[in-house]
Structures are given as structure tokens and as C-alpha cells.
Amino acid sequence: MKRAFRYLARWEVLLLVFLIGMFVYGRSVSPYFLTSSNISIAVAGFMPVAIVALAMTLIIVTGEIDISVGSITGLCVAFMAVCLEHGVPIGAAMPLGVIVGALAGLVNGLLVGYGGLPSLVVTIGTLALYRGVAQGILKERGISHFPEWYQSIGFGTVPGTPVPWSSIIFVVLLLGFSTFLHATRGGRVLYAIGNNREAARFSGIDVRRALLGVFVTSGVMCSVAAVVLTAYLASARSDAAAGLELPVITAVVLGGVDIFGGSGTMGGVVIALFVLAFVQNSLGLAGVTPEEQQIATGAVLILTLVVFGAVRLMRAEAAALRRAWRRRTRGLIVGGVTREKLRGG
Amino acid sequence: MAGAGGTAKRSRHPSGIVGRILRVRELGLVLVLLLIAGIVTARTPRFLDGPNLEQVALSATLVCIVALGEAFVIIARQIDLSVGAIVAVSAFLTAAWLEHRHDERIVVVFLIGCGVGTALGIGNALLVAVARIPAIVATLGTLAIYRGAAIVIAGGRQISATVLPESYQAVAQAHVAGAPLLVWLAILLTVFFGWGARSTRFGRNLYALGSSPLSARFAGINEARHIALVFILSGLLCGLVGVLWGARFGTVDAVIARDLHLQAISAVVVGGVSIFGGSGSVYGAALGAVIFAVLQNGVQLLGVDQFWLEAVIGLAILGTVVFYSLLTRRAERAERESRRQASRARAGTRSAVDR
């Protein structure tokens, strides 16, 4: 446990060092990189991913996965757009969008938690389903007449500071999520499920309800991301947030959350989110196209997993070596010399 | 006692050739296919026209070939999300190669496409089998990398039929015995891969790995090598489909086959291959591809909004997953029940002996 903590701390420190390196690189690429307006834009543009990543962390900690986040976000965007078309004021469309997101998450959660189906197939299915519904209700139309105050959620900054409004939303959510995951019984339950589902069930944890909970949370976060995204883009189309799952899962995995569940921290995920945001931003400033940035994101995901896999392998090897050493020294204890004596000389 | 059990079993499943046909797992799929085709024909008889059927068959062909590889991958309890991206890279490189070499022999093109697909498949294989990254995230990453590579290579360019040699497009237009050559190719590959999964040691090992990796390892099956091979195989088939894609559609750009992984996985899942691995057949996956092609065509013919198509696919995936899990659960319950009865019977005999 102590070693695990030390290891994780190291990983987060490594990420921080990388983030600082990122700033140095970014500065050498462009003199605009370290300006407050550029940082503000980079942060604001990444907020939809960051908000969804909070809930994805909970899901991956339980050992499940949600591939459908991009489609849920797209569905909420399309739904809010249709609401606007029918004359519903944006203030009422937003809570309706949140309800749609919660319902979409509920379907995932019921099928995974209570249906006992693998989250991978379920969310591949709902990935197609939700995107299809989004296309079905919005077709090829695009909505772009949003009120000024609404657009400021995505673009605007707190008056007098370069802090985007959307990042305030994120920070509030982050505080809630990290408190839940690291300081409440509910958070420990998720780790228990991710470590050993059977053991969790036998110790009286309602696994099905917990899984339902994380998937509904994911749906709600997707709807919040949908609000921020439409405000940022100032337009709503049915293909919004397509492929969102890639940067989200990359950020969570890069943040040190075990893809098999059971370990990882919110702090790591937050640093990883900033790393990804500034990698994309500096690549963009260096004139790299979005497609090449996509390659970079994929490469980051795979490299992280390779590194984690190698570390896990080395730790297993080290543990095996230690066991072998203990076995060999045990013979000496029988001979009347304890290990402590042996070490003490 | 054993004889009695045997008769009871036989009475539930009629013996002989009829019984054997009834017990074929794919029969239900054929019935579903006929049902959908029947409904579509009843509404629009145009469905049965020769040219329309040929279009359906051709669009089923490409998905079917990809689904064969995906079925192997899923039977071995893995998943490959990068298939569409591999097809795009292979198709674009093929077309770019042909653009300035009209006199090249067509076989060379197939070698190039399959080589590209195999190389990208090896990339997946290394990540999953050697670096031991879970297939779902590994191929999500390679999906992004391969698709990005295709877009970068293409640079927004589109290679259209006018600059491609006619011999290339002739591949898709050729007919053998009244049906397009591609359809025969797909049937041939389906039979070959179906045989490979059902009747070769490699295929049986995949089922063993899929149903229990641990016991498969204890039985001496080299897990890493088999998993590597299924990903390479899947890449190879995607490379082949990339070549055929250009021949069939004429125009190639970097964003083709965007949803192919969804189509292939849904064909495999609907075809009865368990997503947990270890059960289902390659023939079922091929039938799944045909069902989706008919469904897609039917949706078009019936004038249903094209925009809803993806939702229909999603519903079909969810529906089949739920259906098969209910079936499995019922079978498990029946087995538990019969085991309980057997143990009760045994307890009864024992107490009789005691007395």
C-alpha cells in the first residue's frame, strides 16, 4: 500500500515535470504561448473533455468503460438545439438537456449494472444509438443563434481576469468529484468494486446500484459538457463531440488510473488534462493540423499504457525476486541464524 | 440410468437430419434474414430486382470480409476498433500507387494493400499481445493514429475513378456465374475462415482462449502468439478490403469507412458471437453482415430517413446482446436445475441404501 502510494505520487510528479517541460517547449514554439489569453483559450477549449473525464475516472476506477460519452454529448446538443428551434428559451433547454443526459446514462447503467452486460458492448451499442437519434432529430441542420450570455459560458471570462467561466464550472465539479472519490464511503466503494467485484459484493456492497450511479453521473456530466461545448462553438450540430471518448479516456489513463480498475487519483487526472490541453495547444500554435494532433493523442494513450504495462511487469518481477530471496534466507533461520542477525552482521 | 437420460434428451431434440438442421445455431439468423427480406419485399417489390439485390450483396461483401477477421478477434476475447482506419490507409495507399502506374499488374496492388493491412495489424498485435495493453484502449489509440495517418497522407486529397486504371475497377465489375466476383470471393473467404475456426487446431485454440484464458494457458496454448495472429489476420483482411473498396466505389479519400468498426462489430455480435469470447461462429458473423446490408437497403427503399440508420444499428446491437444474455442465463438456470435434481436423486438413493 505504502509502495503503491509512493509510486503514484511519483507518477503525478513526473506528469507535473512533463507539464512544465510542455510550457518551456510551448514558449520556444511561439511567443504567444505563455500569454494569459492563449492559456485562457487553451483551457476553455478543453473544458468539455475535462468535465466528461471527471465522470470517466469514476467509471474506469470501477473497472468499466463508457465509449458512448461523445454520443451522449452529441445527443444533448441536438436535443437542446431542437428545443431552441421550437421556441423553448435556452434557460429551460439546459435542464432538459441534463435530463436527457441522465436518461442516456440511466440506460447504460441499467444494462451494465442490472443487466449484467459488458459495458464495452453496451456502450458501443448506445454509441451508435445516441448518435443516430441525434442525427435523426437534428438532421443536417445547424443552430447558431444563441443569446450573448449563453455564449459567454464557453467563451467569456470572469470580468477583470483571464479565467474562463467554464473553468469555474469545472473547478466546482472537480471539488465535488475529488471529495466524493477520496473522502467518502461511496468513493471507497468504487475502488473496492474495481479491485475485486466478487469480494465487494460479498462484503455487502450493492455493486449494481453503484454501477448505475456512475453511468448516470457520466450521462449528466456529458450534458454539462454539451452546454459548455455549444456555448464555446456557438453552434449546435448533430455531429458535435464525435470522437470525444478518445481524449477523455487518454486523459484518465495518462492520469494514472488503472484501466483494469481499482486505482488512480483525481489529482493525476487533472494534471493529465492540463498536459493534454497544452500539448494540443502548442501543437496548434506550431502549425500542426487537428488530424496530426489526433495522432499525437492516440500516441500519448498508447505510450502511457506501454509505460504502465512495463512498470507493472517490472514490479511483478521484483516481487518474485524478493520472494525467492526470502525463501533462500528462510533456510538460514532454521540453521539458527536469523535474517536480522545476518543483516546486522 | 444413462440410457434414460439419453432418451429424454433425444425426445427433446428430434434426431436425424431434420433435428441436426434444427440445431444449427445459424438457423435463427437465416429466419431473421428471411423475415426482414420478406417485410421489405412486401412493402416494395423493387427489393427483389436483380440490380438491387446485387447492390445489397456488394455492400454486404466488404463488411462481411472485415467481420470475418473481427469474429476471430472477438472469439479470442479481444476487440479491434481500428478496422475502418486500416481500410482507409490501405485504400488510399493503393489508389495513390495506381494513380501513376496504369500498366502495373493488378496482383501487385493486392499485395500492397494486404501488406499495408498486415503491417498495421502487426502494430495492433504488438500492443495487445506483447505490451499487454487491453485491446479496447490499444485499438482506440491505433484507430486515432491510423485514421490520422490516412488524413495526413491524403492531405485532403481525393483520388477519383477518372485517374485510376480500368483494370482496377474491372475487379469490382467482373461477374462469375451470374454473380459479382467480389461476392464469390466473400463466400470463399467465409467458408475458408469458417472451416478454420471450426476444424483446425488454431481455431479451436482460439475458442479455448476466449472461454478461459487461464485454462487455455494451462493446456499449453501460447496465448500471446494466438492473440497476435488474430490481430494480424484482421489487419490482413482489412488491407484486402481497402483494395476492394477503391475498386468498388472508385473514389477514395481519407475519411472512408468511418463507421466500419461499428458495422463489423455489430455484424459479429448479431451473428451470435459472444462478446465475452469463446462462442459463436464465423458463419454467423457473415450472416450478420448480410442482415445489416438488407436492413440498410430496406431502410433506404422504404424511404425511412437515412439519418435514423445509425440508431437502428445501435438498437440492433443492444437487442441482440440482451437477447443472447437472456438465452445464456436461461441455459445456465436449466443446467443448475438439472444438477440440483441429479444431486437430489443421488441423495435419495443414498438414504435408501442407509436404511
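Nothing in this text is a laboratory measurement; each read-out follows from the coordinates by a stated rule. These figures come from a predicted structure and were not determined experimentally. Cβ sites come from the backbone with ideal geometry, for glycine too, and all protein chains shown count toward neighbours.
Between A:Ser119, A:Ser68, A:Ser166, the residue with the greatest mean-square fluctuation in the GNM of chain A (Cα pairs under 10 Å linked by springs) is A:Ser119. If you wrap the tightest convex hull around every Cα atom of the protein assembly as shown and split its volume per residue, you get 238 Å³. The orientation-averaged projection of the convex hull spanning the C-alpha atoms of chain B amounts to 22.3 square nanometres. Computed from the C-beta positions of B:Thr41 and B:Ala131, the FRET efficiency with R₀ = 51 Å rounds to 0.50.
Normalising the average separation of contacting C-alpha pairs (under 8 angstrom, six or more residues apart) by the number of residues puts the relative contact order of region B:61-127 at 28 percent. Counting only other chain Cβ atoms within 10 Å of each residue's Cβ, the peptide A:286-298 averages 5. Ranking B:Ser215, A:Tyr232, A:Ala93 by Cα position along the charge dipole of the protein assembly as shown, where only Lys, Arg, Asp and Glu carry charges on their C-beta atoms, puts B:Ser215 farthest toward the positive end. Put the Cα centre of region A:192-267 next to the Cα centre of region B:177-250 and the gap is 33 Å.
Secondary-structure-derived ellipticity at 222 nm for chain A, considering helices only, amounts to -26000 deg cm²/dmol, per-run term -39500 (n - 2.57) for DSSP H runs with n ≥ 4.
Be a star and scan region B:234-254 for residues whose amide nitrogen sits under 17 Å from the point 7 Å along the Cα-to-Cβ vector of B:Gln169. Hits in region B:234-254 for B:Gln169 at 17 Å: B:243-253. Placing a label point 7 Å from the Cα of A:Thr161 along the Cα-to-Cβ line, the residues of region A:20-54 whose backbone N sits under 16 Å from it are A:36-37, A:39-41, A:43-44.
Return the FRET efficiency for the residue pair A:Val307, A:Arg209: r is the Cβ-Cβ distance, R0 is 35 Å, and the value is rounded to the nearest 0.05.
On the way: r = 35 Å, r/R0 = 1.00.
Working from the Cβ atoms, E equals 0.50.
Hey, in the GNM for chain A with a 10 angstrom Cα cutoff, which one of A:Thr126, A:Thr265, A:Thr35 fluctuates hardest? Ranking A:Thr126, A:Thr265, A:Thr35 by mean-square fluctuation puts A:Thr35 first.
If you run the Gaussian network model on chain A, springs between alpha carbon atoms under 10 Å, then out of A:Val248, A:Val24, A:Val133 the most flexible one is A:Val24. In region B:26-334, Cα pairs under 8 Å separated by at least six residues give a relative contact order of 35 percent.
Between A:Ile20 and B:Glu99, the simple spin-label model (points 7 angstrom out along Cα→Cβ) gives 4.7 nm.
Provide A:Thr57, B:Thr44, A:Thr304, B:Thr328 in ascending order of the number of other Cβ atoms located within 10 Å of each residue's Cβ, fewest first.
Ranked by crowding around the Cβ, least crowded first: B:Thr328, B:Thr44, A:Thr304, A:Thr57.
For region A:2-288, the relative contact order comes to 37 percent (Cα pairs under 8 Å, sequence separation of at least 6). Please report how far the C-alpha centroid of region B:309-337 lies from that of region A:91-137, rounded to the nearest whole angstrom. Between the Cα centres of region B:309-337 and region A:91-137 lies a distance of 18 Å. Run the paramagnetic zone check for A:Arg201: 7 angstrom along Cα to Cβ, then residues of region A:107-129 with backbone nitrogen under 20 Å. Counting only backbone N, you get A:108-123. Within chain B, helices built from complete DSSP H runs that reach 30 Å or longer along their own axis (Cα positions) and carry a mean Kyte-Doolittle hydropathy of -0.5 or higher are B:50-75, B:223-249, B:309-354.
Take each residue of peptide A:300-313, count the partner chain Cβ atoms within 10 Å of its Cβ, and average: the result is 4.
Taking 0.36 nm per intervening residue step and subtracting the Cα-Cα distance, what contour gain separates B:Ala224 from B:Leu327 on full extension?
Working: separation 103, 0.36 × 103 = 37.08 nm, distance 3.14 nm.
Here the answer is 33.9 nm.
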